Amino acid sequence: MNGLIDIQQLSTEEIDQLIAKAQDIIAHPDDYADKCRRKKLATLFYEPSTRTRLSFEAAMLELGGSVLGFSEAQSSSAAKGESVSDTARTVSCFADIIAMRHPKEGAPLVADMCVPIPVINAGDGGHNHPTQTLTDLLTITREKGRLTDMTIGCCGDLKFGRTVHSLISAMSRYEGIRFVLISPEELRVPEHVLTDVLEANKVDFTETESLTDAMPQLDVLYMTRVQRERFFNEADYVRLKDTYILTPDKLSGAKDDLTIMHPLPRVNEISTAIDSDPRACYFKQVLNGKYIRMALILKLLGVE
Amino acid sequence: MLIGTIVNGVVIDHIPAGRGMELYSYLKLDKLSCEVALIKNAPSSKRGRKDILKVNEVIDLNFDILGYIDPHITVNIIRDGVRVEKRHPSLPHTIRGVIKCKNPRCITSTEQGLEHVFRLTDPEHGVYRCIYCDTRAK
(Lines give C-alpha, C1' and ligand atoms only; values in the text may rest on other atoms or scores of the structure.)
Protein backbone atom coordinates (compact mmCIF):
# COMPACT_ATOMS: atom_id res chain seq x y z
CA MET A 1 0.00 0.00 0.00
CA ASN A 2 1.47 3.35 -1.08
CA GLY A 3 -1.06 5.71 0.43
CA LEU A 4 -3.22 6.14 3.50
CA ILE A 5 -6.50 4.23 3.49
CA ASP A 6 -7.06 3.44 7.16
CA ILE A 7 -5.64 5.22 10.20
CA GLN A 8 -4.57 1.81 11.52
CA GLN A 9 -1.83 1.73 8.88
CA LEU A 10 0.01 4.37 10.89
CA SER A 11 1.84 3.49 14.09
CA THR A 12 1.50 5.88 17.01
CA GLU A 13 5.11 6.91 16.33
CA GLU A 14 4.22 7.82 12.73
CA ILE A 15 1.15 9.74 13.91
CA ASP A 16 3.29 11.62 16.45
CA GLN A 17 5.79 12.45 13.67
CA LEU A 18 3.02 13.79 11.43
CA ILE A 19 1.67 15.91 14.27
CA ALA A 20 5.17 17.24 14.99
CA LYS A 21 5.62 18.05 11.31
CA ALA A 22 2.27 19.87 11.21
CA GLN A 23 3.24 21.87 14.29
CA ASP A 24 6.50 22.82 12.57
CA ILE A 25 4.60 23.88 9.44
CA ILE A 26 2.34 26.06 11.59
CA ALA A 27 5.39 27.64 13.24
CA HIS A 28 7.45 28.07 10.05
CA PRO A 29 5.12 28.15 7.01
CA ASP A 30 7.67 29.85 4.76
CA ASP A 31 10.04 26.91 5.08
CA TYR A 32 7.49 24.70 3.32
CA ALA A 33 6.26 27.07 0.61
CA ASP A 34 8.22 25.40 -2.16
CA LYS A 35 8.51 21.81 -0.97
CA CYS A 36 6.18 20.33 -3.60
CA ARG A 37 7.05 22.49 -6.59
CA ARG A 38 6.14 20.70 -9.86
CA LYS A 39 4.14 18.05 -7.94
CA LYS A 40 0.46 17.56 -8.70
CA LEU A 41 -2.36 16.44 -6.42
CA ALA A 42 -5.48 14.95 -8.02
CA THR A 43 -8.63 15.35 -5.95
CA LEU A 44 -11.15 12.72 -7.10
CA PHE A 45 -14.33 13.55 -5.25
CA TYR A 46 -17.32 11.38 -6.18
CA GLU A 47 -19.33 12.96 -3.35
CA PRO A 48 -19.87 16.61 -2.43
CA SER A 49 -17.39 18.08 0.02
CA THR A 50 -16.37 21.59 0.99
CA ARG A 51 -13.86 21.27 3.78
CA THR A 52 -11.98 18.14 2.87
CA ARG A 53 -11.50 18.89 -0.83
CA LEU A 54 -10.56 22.53 -0.30
CA SER A 55 -8.34 21.56 2.60
CA PHE A 56 -6.42 19.12 0.40
CA GLU A 57 -6.17 21.66 -2.39
CA ALA A 58 -5.07 24.46 -0.05
CA ALA A 59 -2.51 22.11 1.51
CA MET A 60 -0.94 21.28 -1.86
CA LEU A 61 -1.00 24.91 -3.01
CA GLU A 62 0.71 26.05 0.20
CA LEU A 63 3.42 23.47 -0.46
CA GLY A 64 4.01 25.04 -3.87
CA GLY A 65 2.36 22.23 -5.83
CA SER A 66 -0.67 22.28 -8.10
CA VAL A 67 -4.03 20.53 -8.13
CA LEU A 68 -6.39 18.95 -10.65
CA GLY A 69 -9.43 16.71 -10.41
CA PHE A 70 -13.21 16.71 -10.16
CA SER A 71 -15.66 17.52 -7.40
CA GLU A 72 -18.64 15.35 -8.33
CA ALA A 73 -19.06 12.01 -10.06
CA GLN A 74 -21.24 13.52 -12.76
CA SER A 75 -18.33 15.58 -14.08
CA SER A 76 -16.06 12.54 -14.42
CA SER A 77 -16.06 9.39 -16.55
CA ALA A 78 -17.80 7.65 -13.66
CA ALA A 79 -20.98 9.11 -15.19
CA LYS A 80 -20.25 6.96 -18.26
CA GLY A 81 -19.81 3.90 -16.09
CA GLU A 82 -16.02 3.88 -15.76
CA SER A 83 -14.74 1.78 -12.87
CA VAL A 84 -12.83 3.26 -9.96
CA SER A 85 -9.72 1.29 -10.91
CA ASP A 86 -9.76 2.55 -14.52
CA THR A 87 -10.24 6.15 -13.41
CA ALA A 88 -7.40 5.82 -10.89
CA ARG A 89 -5.06 4.28 -13.48
CA THR A 90 -5.84 7.13 -15.87
CA VAL A 91 -5.33 9.86 -13.29
CA SER A 92 -2.07 8.29 -12.09
CA CYS A 93 -0.64 9.15 -15.53
CA PHE A 94 -1.14 12.86 -14.77
CA ALA A 95 -0.69 13.26 -11.01
CA ASP A 96 1.84 12.41 -8.29
CA ILE A 97 -0.68 11.74 -5.53
CA ILE A 98 -4.46 11.19 -5.32
CA ALA A 99 -6.98 12.19 -2.67
CA MET A 100 -10.24 10.26 -3.21
CA ARG A 101 -13.70 10.56 -1.68
CA HIS A 102 -16.26 7.98 -2.75
CA PRO A 103 -19.68 6.91 -1.46
CA LYS A 104 -18.75 3.23 -1.68
CA GLU A 105 -16.77 1.73 1.18
CA GLY A 106 -13.35 0.51 0.07
CA ALA A 107 -13.17 2.49 -3.19
CA PRO A 108 -9.91 4.29 -2.26
CA LEU A 109 -8.36 0.91 -1.39
CA VAL A 110 -9.28 -0.37 -4.85
CA ALA A 111 -7.57 2.68 -6.36
CA ASP A 112 -4.50 2.31 -4.16
CA MET A 113 -4.12 -1.34 -5.15
CA CYS A 114 -3.93 -0.58 -8.86
CA VAL A 115 -1.79 2.55 -9.17
CA PRO A 116 1.90 3.22 -8.42
CA ILE A 117 1.27 6.60 -6.75
CA PRO A 118 -0.05 7.17 -3.22
CA VAL A 119 -3.82 7.31 -2.73
CA ILE A 120 -5.25 9.10 0.31
CA ASN A 121 -8.70 8.05 1.50
CA ALA A 122 -10.62 11.33 1.83
CA GLY A 123 -13.71 9.46 3.08
CA ASP A 124 -15.26 6.24 1.78
CA GLY A 125 -18.96 6.11 2.55
CA GLY A 126 -19.61 5.54 6.22
CA HIS A 127 -16.38 3.61 6.60
CA ASN A 128 -13.10 5.51 7.14
CA HIS A 129 -11.84 9.06 7.00
CA PRO A 130 -8.21 8.91 8.19
CA THR A 131 -7.22 12.51 7.42
CA GLN A 132 -10.13 13.78 9.49
CA THR A 133 -8.77 11.64 12.30
CA LEU A 134 -5.28 13.10 11.88
CA THR A 135 -6.94 16.52 11.98
CA ASP A 136 -8.72 15.57 15.20
CA LEU A 137 -5.53 14.23 16.77
CA LEU A 138 -3.65 17.41 15.91
CA THR A 139 -6.49 19.47 17.38
CA ILE A 140 -6.57 17.45 20.61
CA THR A 141 -2.78 17.73 20.86
CA ARG A 142 -2.87 21.49 20.40
CA GLU A 143 -5.76 21.97 22.83
CA LYS A 144 -4.78 19.46 25.52
CA GLY A 145 -1.04 19.20 25.04
CA ARG A 146 -1.29 15.39 24.99
CA LEU A 147 -3.04 12.40 23.43
CA THR A 148 -3.19 10.32 26.61
CA ASP A 149 -5.22 10.13 29.81
CA MET A 150 -8.54 11.68 28.96
CA THR A 151 -12.24 10.90 28.60
CA ILE A 152 -13.64 11.45 25.13
CA GLY A 153 -17.38 11.66 24.54
CA CYS A 154 -18.59 10.83 21.03
CA CYS A 155 -22.15 12.02 20.46
CA GLY A 156 -24.73 11.65 17.70
CA ASP A 157 -24.57 9.27 14.77
CA LEU A 158 -22.03 6.72 15.90
CA LYS A 159 -23.26 4.07 13.46
CA PHE A 160 -22.62 5.77 10.13
CA GLY A 161 -20.21 8.45 11.40
CA ARG A 162 -16.94 7.39 9.83
CA THR A 163 -15.00 10.13 11.64
CA VAL A 164 -15.99 8.61 14.96
CA HIS A 165 -14.91 5.11 13.90
CA SER A 166 -11.50 6.36 12.82
CA LEU A 167 -11.08 8.51 15.94
CA ILE A 168 -11.92 5.59 18.25
CA SER A 169 -9.57 3.39 16.27
CA ALA A 170 -6.68 5.84 16.56
CA MET A 171 -7.16 6.97 20.16
CA SER A 172 -7.60 3.39 21.42
CA ARG A 173 -3.87 2.92 20.98
CA TYR A 174 -2.95 5.67 23.43
CA GLU A 175 -2.65 5.17 27.18
CA GLY A 176 -5.39 6.12 29.61
CA ILE A 177 -8.13 6.82 27.06
CA ARG A 178 -11.75 6.29 28.04
CA PHE A 179 -14.74 6.68 25.72
CA VAL A 180 -18.32 7.63 26.50
CA LEU A 181 -20.44 6.71 23.46
CA ILE A 182 -23.60 8.83 23.40
CA SER A 183 -26.22 7.90 20.79
CA PRO A 184 -29.77 6.66 20.27
CA GLU A 185 -30.15 2.89 20.14
CA GLU A 186 -30.44 2.88 16.32
CA LEU A 187 -27.20 4.80 15.82
CA ARG A 188 -24.88 2.94 18.21
CA VAL A 189 -21.26 2.21 17.31
CA PRO A 190 -21.13 -0.84 14.98
CA GLU A 191 -20.33 -4.19 16.53
CA HIS A 192 -17.01 -4.51 14.68
CA VAL A 193 -15.72 -1.28 16.24
CA LEU A 194 -16.79 -2.45 19.71
CA THR A 195 -15.21 -5.89 19.41
CA ASP A 196 -12.23 -5.41 17.11
CA VAL A 197 -11.12 -2.02 18.39
CA LEU A 198 -12.40 -1.20 21.88
CA GLU A 199 -12.59 -4.66 23.40
CA ALA A 200 -9.52 -5.93 21.54
CA ASN A 201 -7.45 -3.02 22.91
CA LYS A 202 -9.05 -3.34 26.38
CA VAL A 203 -10.22 0.26 26.22
CA ASP A 204 -12.61 1.44 28.91
CA PHE A 205 -15.91 2.59 27.38
CA THR A 206 -19.55 3.10 28.28
CA GLU A 207 -22.61 3.54 26.07
CA THR A 208 -25.40 5.92 27.03
CA GLU A 209 -28.31 7.79 25.49
CA SER A 210 -27.95 10.84 27.77
CA LEU A 211 -25.63 13.68 26.75
CA THR A 212 -26.46 15.58 29.94
CA ASP A 213 -25.47 12.68 32.21
CA ALA A 214 -22.22 12.14 30.34
CA MET A 215 -21.16 15.80 30.20
CA PRO A 216 -19.38 16.26 33.58
CA GLN A 217 -16.95 13.40 32.85
CA LEU A 218 -15.74 14.67 29.50
CA ASP A 219 -12.41 16.22 28.56
CA VAL A 220 -13.31 16.18 24.87
CA LEU A 221 -16.80 16.22 23.36
CA TYR A 222 -16.88 15.08 19.75
CA MET A 223 -20.24 15.97 18.20
CA THR A 224 -21.41 14.49 14.88
CA ARG A 225 -24.16 15.15 12.41
CA VAL A 226 -26.92 12.65 11.69
CA GLN A 227 -26.22 12.27 7.98
CA ARG A 228 -29.19 12.17 5.64
CA GLU A 229 -27.14 10.53 2.87
CA ARG A 230 -26.39 7.44 4.99
CA PHE A 231 -30.06 6.49 5.40
CA PHE A 232 -31.98 4.31 2.98
CA ASN A 233 -35.19 5.39 4.69
CA GLU A 234 -36.11 9.11 4.92
CA ALA A 235 -38.53 8.49 7.79
CA ASP A 236 -35.72 7.08 9.96
CA TYR A 237 -33.60 10.15 9.21
CA VAL A 238 -36.36 12.59 10.15
CA ARG A 239 -37.09 10.69 13.37
CA LEU A 240 -33.46 10.72 14.56
CA LYS A 241 -31.92 13.91 13.17
CA ASP A 242 -32.72 16.18 16.14
CA THR A 243 -31.87 13.68 18.86
CA TYR A 244 -28.84 15.57 20.21
CA ILE A 245 -28.54 19.32 20.01
CA LEU A 246 -25.78 20.97 22.04
CA THR A 247 -27.01 24.19 23.65
CA PRO A 248 -25.44 26.46 26.30
CA ASP A 249 -27.63 24.98 29.06
CA LYS A 250 -26.41 21.46 28.25
CA LEU A 251 -22.87 22.74 28.88
CA SER A 252 -23.70 23.85 32.41
CA GLY A 253 -22.27 20.66 33.89
CA ALA A 254 -19.22 20.58 31.64
CA LYS A 255 -15.58 21.05 32.63
CA ASP A 256 -14.07 24.50 32.15
CA ASP A 257 -11.37 23.07 29.88
CA LEU A 258 -13.68 20.89 27.80
CA THR A 259 -12.72 20.76 24.12
CA ILE A 260 -15.78 20.76 21.86
CA MET A 261 -15.10 19.30 18.44
CA HIS A 262 -17.15 18.57 15.33
CA PRO A 263 -15.94 17.35 11.93
CA LEU A 264 -18.43 19.73 10.26
CA PRO A 265 -20.66 20.43 8.42
CA ARG A 266 -23.15 20.85 11.20
CA VAL A 267 -26.86 21.17 10.61
CA ASN A 268 -28.31 22.11 13.98
CA GLU A 269 -26.62 19.74 16.41
CA ILE A 270 -24.48 22.53 17.86
CA SER A 271 -26.32 25.76 18.59
CA THR A 272 -24.60 28.80 17.06
CA ALA A 273 -24.67 30.27 20.58
CA ILE A 274 -21.84 27.85 21.40
CA ASP A 275 -19.57 29.28 18.69
CA SER A 276 -18.32 32.11 20.89
CA ASP A 277 -17.60 29.78 23.82
CA PRO A 278 -13.80 29.44 24.19
CA ARG A 279 -14.27 25.68 24.50
CA ALA A 280 -15.62 25.46 20.92
CA CYS A 281 -12.77 24.23 18.71
CA TYR A 282 -14.50 23.12 15.51
CA PHE A 283 -13.30 25.98 13.35
CA LYS A 284 -9.76 25.52 14.67
CA GLN A 285 -10.14 21.90 13.54
CA VAL A 286 -10.74 23.07 9.97
CA LEU A 287 -7.50 25.04 9.94
CA ASN A 288 -5.59 22.20 11.58
CA GLY A 289 -6.88 19.95 8.80
CA LYS A 290 -4.92 21.87 6.21
CA TYR A 291 -1.67 21.65 8.17
CA ILE A 292 -1.90 17.94 8.90
CA ARG A 293 -2.70 17.25 5.24
CA MET A 294 0.40 19.22 4.29
CA ALA A 295 2.42 17.00 6.61
CA LEU A 296 0.82 13.86 5.16
CA ILE A 297 1.42 14.89 1.53
CA LEU A 298 5.09 15.53 2.36
CA LYS A 299 5.39 12.13 3.99
CA LEU A 300 3.71 10.18 1.20
CA LEU A 301 5.68 11.96 -1.50
CA GLY A 302 8.89 11.33 0.41
CA VAL A 303 9.68 15.05 0.65
CA GLU A 304 11.80 16.01 3.68
CA MET B 1 -29.09 -44.88 4.93
CA LEU B 2 -26.63 -46.57 2.61
CA ILE B 3 -24.31 -44.76 0.23
CA GLY B 4 -22.05 -46.89 -1.96
CA THR B 5 -18.41 -47.38 -0.98
CA ILE B 6 -15.89 -45.15 -2.71
CA VAL B 7 -12.96 -46.83 -4.48
CA ASN B 8 -11.15 -43.71 -5.66
CA GLY B 9 -12.34 -40.40 -4.34
CA VAL B 10 -12.68 -37.98 -1.46
CA VAL B 11 -14.76 -38.08 1.70
CA ILE B 12 -15.21 -34.75 3.44
CA ASP B 13 -16.28 -35.63 6.96
CA HIS B 14 -17.21 -33.77 10.12
CA ILE B 15 -18.81 -30.87 8.29
CA PRO B 16 -20.94 -28.89 10.78
CA ALA B 17 -24.54 -30.09 10.44
CA GLY B 18 -26.46 -27.90 8.02
CA ARG B 19 -23.43 -26.50 6.20
CA GLY B 20 -22.85 -29.35 3.74
CA MET B 21 -24.89 -27.72 0.99
CA GLU B 22 -23.06 -24.42 1.46
CA LEU B 23 -19.73 -26.25 1.11
CA TYR B 24 -21.07 -28.16 -1.93
CA SER B 25 -21.78 -24.82 -3.52
CA TYR B 26 -18.46 -23.16 -2.58
CA LEU B 27 -16.48 -26.16 -3.89
CA LYS B 28 -18.55 -26.10 -7.10
CA LEU B 29 -19.27 -29.82 -6.83
CA ASP B 30 -22.29 -29.30 -9.08
CA LYS B 31 -19.81 -28.88 -11.95
CA LEU B 32 -18.44 -32.42 -11.54
CA SER B 33 -19.63 -35.23 -13.77
CA CYS B 34 -18.79 -37.99 -11.26
CA GLU B 35 -21.08 -39.21 -8.48
CA VAL B 36 -21.36 -36.86 -5.50
CA ALA B 37 -23.33 -37.59 -2.33
CA LEU B 38 -24.33 -35.13 0.37
CA ILE B 39 -25.39 -36.74 3.62
CA LYS B 40 -27.11 -34.36 6.02
CA ASN B 41 -27.51 -34.75 9.75
CA ALA B 42 -25.54 -37.98 10.04
CA PRO B 43 -24.98 -39.14 13.63
CA SER B 44 -21.68 -37.98 15.13
CA SER B 45 -20.17 -39.14 18.40
CA LYS B 46 -18.39 -35.79 18.88
CA ARG B 47 -21.01 -33.31 17.70
CA GLY B 48 -24.30 -35.14 17.74
CA ARG B 49 -24.94 -34.38 14.06
CA LYS B 50 -22.70 -33.71 11.08
CA ASP B 51 -22.81 -33.46 7.30
CA ILE B 52 -20.66 -35.56 4.95
CA LEU B 53 -19.73 -35.09 1.30
CA LYS B 54 -18.57 -38.04 -0.79
CA VAL B 55 -17.03 -37.46 -4.19
CA ASN B 56 -16.37 -40.49 -6.38
CA GLU B 57 -13.20 -39.04 -7.89
CA VAL B 58 -9.96 -37.65 -6.44
CA ILE B 59 -10.25 -33.91 -6.97
CA ASP B 60 -8.27 -30.86 -5.88
CA LEU B 61 -10.02 -29.16 -2.98
CA ASN B 62 -9.85 -25.55 -1.88
CA PHE B 63 -8.62 -26.07 1.68
CA ASP B 64 -9.01 -22.36 2.41
CA ILE B 65 -12.75 -22.61 2.05
CA LEU B 66 -12.84 -25.86 4.04
CA GLY B 67 -10.93 -24.10 6.83
CA TYR B 68 -13.31 -21.15 6.67
CA ILE B 69 -16.32 -23.46 7.11
CA ASP B 70 -14.65 -25.31 9.99
CA PRO B 71 -11.02 -26.28 10.63
CA HIS B 72 -12.26 -29.49 12.29
CA ILE B 73 -13.44 -30.87 8.96
CA THR B 74 -11.66 -34.09 7.96
CA VAL B 75 -10.68 -34.82 4.37
CA ASN B 76 -10.07 -38.48 3.58
CA ILE B 77 -8.44 -39.40 0.27
CA ILE B 78 -9.43 -42.89 -0.89
CA ARG B 79 -7.46 -44.88 -3.47
CA ASP B 80 -8.23 -48.46 -4.42
CA GLY B 81 -10.73 -48.62 -1.62
CA VAL B 82 -8.17 -47.70 1.04
CA ARG B 83 -7.80 -44.39 2.89
CA VAL B 84 -4.32 -43.19 1.91
CA GLU B 85 -4.43 -39.72 3.40
CA LYS B 86 -6.30 -37.85 6.12
CA ARG B 87 -6.04 -34.07 6.36
CA HIS B 88 -7.49 -31.21 8.34
CA PRO B 89 -7.69 -27.70 6.94
CA SER B 90 -6.42 -24.72 8.91
CA LEU B 91 -7.95 -21.26 9.23
CA PRO B 92 -6.74 -19.39 6.13
CA HIS B 93 -5.44 -15.85 6.50
CA THR B 94 -7.40 -14.70 3.45
CA ILE B 95 -10.18 -16.12 1.30
CA ARG B 96 -10.32 -14.92 -2.29
CA GLY B 97 -13.17 -15.13 -4.76
CA VAL B 98 -15.42 -17.49 -2.81
CA ILE B 99 -17.48 -15.65 -0.21
CA LYS B 100 -19.39 -12.60 -1.43
CA CYS B 101 -19.63 -9.37 0.54
CA LYS B 102 -23.29 -8.65 1.26
CA ASN B 103 -22.86 -4.97 2.20
CA PRO B 104 -24.69 -2.88 -0.44
CA ARG B 105 -22.43 0.07 0.43
CA CYS B 106 -19.25 -1.90 -0.35
CA ILE B 107 -17.31 -1.12 -3.53
CA THR B 108 -17.54 -4.84 -4.45
CA SER B 109 -21.24 -4.25 -5.17
CA THR B 110 -20.45 -1.96 -8.13
CA GLU B 111 -16.83 -2.33 -9.27
CA GLN B 112 -16.58 -4.62 -12.31
CA GLY B 113 -14.32 -7.65 -11.99
CA LEU B 114 -13.26 -6.89 -8.42
CA GLU B 115 -12.43 -10.06 -6.51
CA HIS B 116 -14.15 -10.41 -3.15
CA VAL B 117 -11.46 -10.87 -0.50
CA PHE B 118 -11.96 -11.62 3.18
CA ARG B 119 -9.29 -11.47 5.88
CA LEU B 120 -9.15 -13.36 9.16
CA THR B 121 -9.48 -10.68 11.85
CA ASP B 122 -10.21 -12.81 14.89
CA PRO B 123 -8.52 -16.24 14.79
CA GLU B 124 -9.97 -17.21 18.16
CA HIS B 125 -13.54 -16.96 16.89
CA GLY B 126 -12.85 -17.56 13.19
CA VAL B 127 -14.14 -14.12 12.17
CA TYR B 128 -13.54 -12.97 8.60
CA ARG B 129 -14.12 -9.44 7.31
CA CYS B 130 -14.23 -7.93 3.84
CA ILE B 131 -10.93 -6.14 3.18
CA TYR B 132 -12.78 -3.25 1.52
CA CYS B 133 -15.57 -2.43 3.99
CA ASP B 134 -14.82 -4.55 7.11
CA THR B 135 -18.23 -6.25 6.94
CA ARG B 136 -18.23 -9.59 8.71
CA ALA B 137 -18.67 -12.72 6.58
CA LYS B 138 -21.85 -14.53 7.54
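Per-residue answers, yes or no, for (1) within 14 Å of chain B (Cβ to nearest Cβ); (2) not in a loop (DSSP other than H, G, I, E, B):
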position: A:ALA79; (1), (2): yes, yes
position: A:VAL110; (1), (2): yes, yes
position: A:GLY123; (1), (2): yes, yes
position: A:ILE152; (1), (2): no, yes
position: A:PHE160; (1), (2): yes, no
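Check segment B:85-101 and report whether any residue there is more than 15 Å from the chain's Cα centre (by Cα) and within 10 Å of chain A (Cβ to nearest Cβ).
Among the residues of segment B:85-101, at least one is more than 15 Å from the chain's Cα centre (by Cα) and within 10 Å of chain A (Cβ to nearest Cβ), which makes the answer yes.
Could you check segment B:36-63 and list, in sequence order, the residues that are in a loop (DSSP other than H, G, I, E, B) and in contact with a strand residue (DSSP E or B) (Cβ under 8 Å, 6 or more places away or on another chain)?
The answer is B:LYS46, B:ARG47, B:ASN56, B:GLU57, B:VAL58, B:ILE59, B:LEU61.
So if I check each of B:LYS50, B:LYS46, which one is away from chain A (no Cβ under 14 Å), of a type in the set (Lys, Arg) and surrounded by 18 or more Cβ atoms within 10 Å (Cβ to Cβ)? Step through it out loud before you land on a result.
Details: B:LYS46 fails: surrounded by 18 or more Cβ atoms within 10 Å (Cβ to Cβ).
That would be B:LYS50, the only listed residue that is away from chain A (no Cβ under 14 Å), of a type in the set (Lys, Arg) and surrounded by 18 or more Cβ atoms within 10 Å (Cβ to Cβ).
Kindly indicate which of A:GLU229, A:GLU186 is in a helix (DSSP H, G or I) and within 14 Å of another protein chain (Cβ to nearest Cβ). Explain how you work it out, then say what you get.
Details: A:GLU186 fails: within 14 Å of another protein chain (Cβ to nearest Cβ).
Only one candidate passes the filter, namely A:GLU229.
Of the residues A:ARG51, A:ARG37, only one is under 17 Å from the mean Cα position of the chain (by Cα) and either surrounded by fewer than 18 Cβ atoms within 10 Å (Cβ to Cβ) or free of Cβ contacts under 8 Å to residues at least 12 places away in the same chain (or both); which?
Details: A:ARG37 fails: under 17 Å from the mean Cα position of the chain (by Cα).
When all the criteria are applied, what remains is A:ARG51.
Could you list, in sequence order, all residues of segment A:42-93 that are more than 20 Å from A:LEU300 (Cβ to Cβ) and aliphatic (A, V, I, L, M)?
A:ALA73, A:ALA78, A:ALA79
Just give me the residues in segment A:69-100 being touching a Lys or Arg at 6+ places or on another chain (Cβ under 7 Å) and closer than 14 Å to A:PRO48 by Cβ, in sequence order.
A:SER71
Against the conditions (1) in a helix (DSSP H, G or I); (2) at pLDDT 95 or above; (3) among the acidic types (Asp, Glu), where does A:ASP256 fall short? Just the number, please.
That leaves (1) as the condition not met.
With the structure loaded, tell me whether B:TYR132 is within 14 Å of another protein chain (Cβ to nearest Cβ), hydroxyl-bearing (Ser, Thr, Tyr) and either assigned to a strand (DSSP E or B) or farther than 30 Å from A:LYS80 by Cβ (or both) or whether it fails that test.
Numbers: within 14 Å of another protein chain (Cβ to nearest Cβ): yes; hydroxyl-bearing (Ser, Thr, Tyr): yes; either assigned to a strand (DSSP E or B) or farther than 30 Å from A:LYS80 by Cβ (or both): no.
When the stated conditions are applied, B:TYR132 does not pass them.
Being under 23 Å from A:GLY253 (Cβ atoms), more than 14 Å from chain B (Cβ to nearest Cβ) and touching a residue at least 40 places away in the same chain (Cβ under 8 Å): is that true of A:ILE177 here?
Judged against the criteria, A:ILE177 is not a match.
The values are calculated or read from the model by the stated rules, or taken from the named source; none is laboratory data. If you're wondering where the values come from, they're calculated on a predicted model, not measured in any experiment. Quick reminder, even Gly has a Cβ in these numbers, built from the backbone with ideal geometry, and neighbours come from all protein chains shown.
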